[in-house]
1. Can you compute the label reach from ARG277? Point 7 Å from Cα along the Cβ direction, backbone N cut-off under 12 Å, restricted to the range 15-30.
2. Can you tell me how much longer the chain between MET1 and GLU290 gets when fully stretched, taken as 0.36 nm per residue apart minus their C-alpha distance, in nm with one decimal?
3. Go through LYS47/LYS190; LYS2/LYS190; LYS7/LYS172 and tell me which ones have a Cα-Cα distance over 18 Å in this structure.
4. Quick check: residue separation of ASN185 and ALA251 times 0.36 nm, minus the Cα distance between them. What number comes out in nm?
5. So what's the angle, to the nearest 10 degrees on a 0 to 90 scale, between helix 265-277 and the longest Cα principal axis of the chain?
6. Can you give me the angle between helix 203-212 and the longest principal axis of the chain, using Cα atoms only, in degrees from 0 to 90, rounded to the nearest 10?
7. ³J(HN,Hα) across the range 61-66 via Karplus (A = 6.51, B = -1.76, C = 1.60, θ = phi - 60°), whole Hz, x for Gly/Pro?
8. Using the alpha-carbon atoms, what tilt in degrees (0 to 90, nearest 10) does helix 70-84 show relative to the longest principal axis of the chain?
Amino acid sequence: MKDFNGKIAVITGGGTGMGRELARQLTAEGCNVAMCDVSADTMAATKALCAADAPQGTKVAGFVADVGDEAQVGRFRDEIARAFDTDRIHLLFNNAGIGGGGSFVAGERAEWERTFNVCWGGVYACTRVFLPMLVAASEAHIVNTSSVNGFWGSLGPGIPHTAYVAAKFAVKGFSEALMTDLAVNAPHVKCSVVMPGHIGTEIVSNSRKVLTGDASDSLSPRQIALTRARLRAMGMEIDTVSDAEINAMAAEQARRFRDEAPTTAARAATVILDGVRTDRWRILVGHDAEVIDTLVRADPEHAYEPDFFAHMATEAGWRLGQS
């Protein structure tokens, strides 16, 4: 698909980060965009940004929907069909995701499953629900966002990361298998899997809000306790650190993740759309993603050892404690 002008794209997680930047770049090219997010406020902000650059007549619409709930995804589809008066779409960006559920052993089952259901279940539900509309188009493309954690299951030594990793491995495997399925049964529909490294998005703060159901930026009492336990396990003396200081540390972590990332969300969106244009099924985003891919492939047996991580972080240009 070389030209997005006049097409209809569906983007999940369109309120912030890569979803917002995909919407902005697509609408600037005259592509009509329907997005969903759990936050009406962030979607309104995205719509305003799109309207500033979109050619006259380009449509952009936002709908509140939780992709972890297939019934809500179905309503989202029906709302798109009515709003755009269409029975087909051309692009589906399964972009929505959250972090959380780090420990399968010590964490809460509800948080683990919430993370898995958004990051994997959302991809499954949206692909399942929108597939007839994609097949009805003359050409179509599904773009599933996995992660470097879809081929390297870690955040670093001593940091459990099981729910997100399990989901992102599932997204990668599903996408690779779906390509053959589509080639046999709907060859005009293509599929790509996106594997970003550290991208400057709001996923850290957004995940906290989704998991707690609290729109504020403050940690819940349970999250404060978990943060204390994690910092203590890392050897930090935190008995005299107040809850307010823990909150401040978390806010700074989220800020640094967004503002000091090696790749911006806008740049990531450009790489993804270029990948669609050139019909690439495997889209690595960021120099760090390319480094991790190369090193893990070369030495998978040692990929979870501290020395491997230290070398990888240096090669990727990560500042330890940041990514």
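1. Only 26, 29 pass the distance filter.
2. Numbers: separation 289, 0.36 × 289 = 104.04 nm, distance 2.45 nm.
Computed gain between MET1 and GLU290 is 101.6 nm.
3. Values: LYS47/LYS190 27 Å; LYS2/LYS190 13 Å; LYS7/LYS172 26 Å.
Beyond 18 Å: LYS47/LYS190; LYS7/LYS172.
4. Values: separation 66, 0.36 × 66 = 23.76 nm, distance 4.75 nm.
Roughly 19.0 nm would be gained on extension.
5. That works out to roughly 40 degrees.
6. Helix 203-212 and the main axis of the chain meet at about 90 degrees.
7. Going residue by residue, I get 9, x, 9, 7, 7, 9 Hz, with x marking Gly and Pro.
8. Orientation of helix 70-84: about 40 degrees from the principal axis.
Computed from the coordinates by the stated procedures, all read-outs in this text should not be read as laboratory data. In this text, all values refer to a predicted model and were calculated from it rather than measured experimentally. We place every Cβ from the backbone using ideal geometry, glycine too, and count neighbours over all the protein chains shown.
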